[in-house]
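The values are calculated or read from the model by the stated rules, or taken from the named source; none is laboratory data. Quantities reported herein were computed from a predicted structural model and do not represent experimental measurements. Cβ placement follows ideal geometry from the backbone for every residue including glycine, while neighbour counts extend to all protein chains displayed. These area figures cover heavy atoms from the full protein model, side chains too; ligands, DNA and RNA do not enter into them. Shrake-Rupley method; radii C 1.70, N 1.55, O 1.52, S 1.80 Å.
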Amino acid sequence: MPRRGTLFGVGLGPGDPELVTVKAARVIGQADVVAYHSARHGRSIARGIASAYLRPGQIEEHLVYPVTTETTDHPGGYAGAIEDFYAEATARIAAHLDAGRDVALLAEGDPLFYSSYMHLHTRLTERFDAVIVPGVTSVSAASAAIGTPLVAGDEVLSVLPGTLPVPELARRLSEADAAVVLKLGRSYPAVREALSMSGQLDDALYVERASTASQRVLPAGTVDETSVPYFSLAMVPGGRRRESRCGGVAVVGLGPGRFDWMTPECRRELAAATDLIGYGPYLDRVPVRDGQRRHASDNTDEVMRARLACTLAEQGRAVAVVSSGDPGVFAMATAVLEEAKQWPGVSVRVIPAMTAAQAVASRVGAPLGHDYAVISLSDRLKPWDVIATRLSAAAAADMVLAIYNPASKSRTWQVAAMRDLLLEHRDPGTPVVIGRDVSGPDERVTVVRLADLDPADVDMRCLLIVGSSQTQWYADRVFTPRRYPS
């Protein structure tokens, strides 16, 4: 059987011929056929980079795109024209491989990193063997151009195409420790808008044609949007936000338990903090970062936690006070703001999060779909007669109730007292959702009739949702219609 040729996907690096690897240079020089792309103007950047490594007598396959940014009269539009191009290019290269000729298909940067090579690779490797020769990416070259580390320690680098919709690109930028945005060109006005929306335009740098003689590095906000080539990128190096954070207190909601329910803003504040303050089990939910100090305390020491936060912030520390759920719902935001009245130089930010009520409700459907009241059964900070009055008023108003802090080791009678009060206004069959440790390792969610609510089934890790007269319950699904009868 005649020998078939081998396809080599050869990464040429970002543009400087001296950044072509030794292996890439050898493969280019030994190949029977060298293939490369260009636009219709015929000037191939890839061939220009590789020209020093070509040898006389090699066959060259010049693959000319029928369309790039211009319009086309192809009946299938842009997609149809490009599909026909790749089909023809595949056939041309396959003919060489069938004839036993090795083909070096050139790619700027790395062949498998946002490269045109990949479109032919997927078509050709169904029949032929392929060898990938990796190359230096434009990301590495741009990082060298700005002389700044992109990421350090446990920071995460996000590589994003500038062709994403602006809201999606802004969201991903806002979540990133560090980011690189590729594929600029005509998309740069949208990329600039996304950088501005995410609050990172001032930190972003623009790098054009990295590693080449025409390389440019500019602040991203100063770039002329009409003159941005495709071979450019925007970079937001890591560490800058953390280093520039001034002293202050962020009261951060961790959400109800699961890490992926924590908001990006919450994760950013936790990463930027020099000091974390909170109840020990809540701090255990925060990933450990080098250089951060943790100040754990008992769950009842709210005043001391708030005072410590303000003390450290006045010293210029960036402090994050952590709360489970949302920090403004029976949590630390109030304590910190109350303490901060005595510290005029300390700024306080409250970072919202998903509440426990929302988490429990999601497990059974939509019991909070109409008006509802949120009441804590804890009588540690307010007398029981106030709680009883509010329970009766909310029940008489036919509102769904989200009950926080229903019981503890020292508070064991309140759940039964609440049940009896509510039965004065609610049908015994009213559904009650008992959510325990929702999104945690010991999650358990049950639904019972109000008359059957057993205090023994409820502890401090539970949240209760008591339905209204309109709340419906079937097959463990509970929802409250948005329409209320006249």
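Here are the numbers for this structure:
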| quantity | calculated |
| --- | --- |
| Members of the range 274-286 found to be touching a residue at least 12 places away in the same chain (Cβ under 8 Å) and either among the hydrophobic types (A, V, I, L, M, F, W, C) or open to solvent by 70 Å² or more (accessible area, probe 1.4 Å) (or both), listed by number | 276, 277, 283, 286 |
| Which listed residue, of 188, 86, 78, is among the aromatic types (Phe, Trp, Tyr) and over 29 Å from residue 16 (Cα atoms) | 78 |
| Complete set of residues in the range 44-60 that are open to solvent by 30 Å² or more (accessible area, probe 1.4 Å) and over 39 Å from the mean Cα position of the chain (by Cα) | 51, 52, 53, 54, 55, 56, 57, 59, 60 |
| Some residue of the range 378-387 being touching a strand residue (DSSP E or B) at 6+ places or on another chain (Cβ under 6 Å) and open to solvent by less than 10 Å² (accessible area, probe 1.4 Å) | no |
| Criterion violated by residue 117 - all others in (1) touching a Pro at 6+ places or on another chain (Cβ under 7 Å); (2) closer than 17 Å to residue 209 by Cα; (3) open to solvent by less than 50 Å² (accessible area, probe 1.4 Å) satisfied | (2) |
| Considering residues of the range 166-198 that are of a type in the set (D, E, K, R) and within 18 Å of residue 223 (Cα to Cα) only, the residue modelled with the lowest pLDDT | 183 |
| Among residues of the range 61-87, those that are surrounded by 12 or more Cβ atoms within 10 Å (Cβ to Cβ) and either free of Cβ contacts under 8 Å to residues at least 24 places away in the same chain or assigned to a loop (DSSP other than H, G, I, E, B) (or both), counted | 14 |
| Verdict on residue 393 being open to solvent by 30 Å² or more (accessible area, probe 1.4 Å) and either in a helix (DSSP H, G or I) or closer than 27 Å to residue 300 by Cβ (or both) | yes |
| Any chance residue 238 is more than 29 Å from residue 444 (Cβ to Cβ), in contact with a Leu (Cβ under 7 Å, 6 or more places away or on another chain) and in a loop (DSSP other than H, G, I, E, B) | yes |
| Failed condition for residue 266, given (1) in contact with a strand residue (DSSP E or B) (Cβ under 6 Å, 6 or more places away or on another chain); (2) in a helix (DSSP H, G or I); (3) open to solvent by 20 Å² or more (accessible area, probe 1.4 Å) | (3) |
| Some residue of the range 342-352 being surrounded by fewer than 18 Cβ atoms within 10 Å (Cβ to Cβ) and assigned to a helix (DSSP H, G or I) | no |
| In the range 446-486, residue least open to solvent (accessible area, probe 1.4 Å) [restricted to those that are of a type in the set (Lys, Arg) and without any contact (Cβ under 8 Å) to a residue 40 or more places away in the chain] | 449 |
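Residues checked against (1) touching a Phe, Trp or Tyr at 6+ places or on another chain (Cβ under 6 Å); (2) acidic (Asp, Glu); (3) closer than 28 Å to residue 410 by Cα; (4) in contact (Cβ under 8 Å) with a residue 60 or more places away in the chain:
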| site | (1), (2), (3), (4) |
| --- | --- |
| 348 | no, no, no, yes |
| 355 | no, no, yes, yes |
| 359 | no, no, yes, yes |
| 365 | yes, no, no, yes |
| 373 | no, no, yes, no |
| 377 | no, no, yes, no |
| 387 | no, no, yes, no |
| 393 | no, no, yes, no |
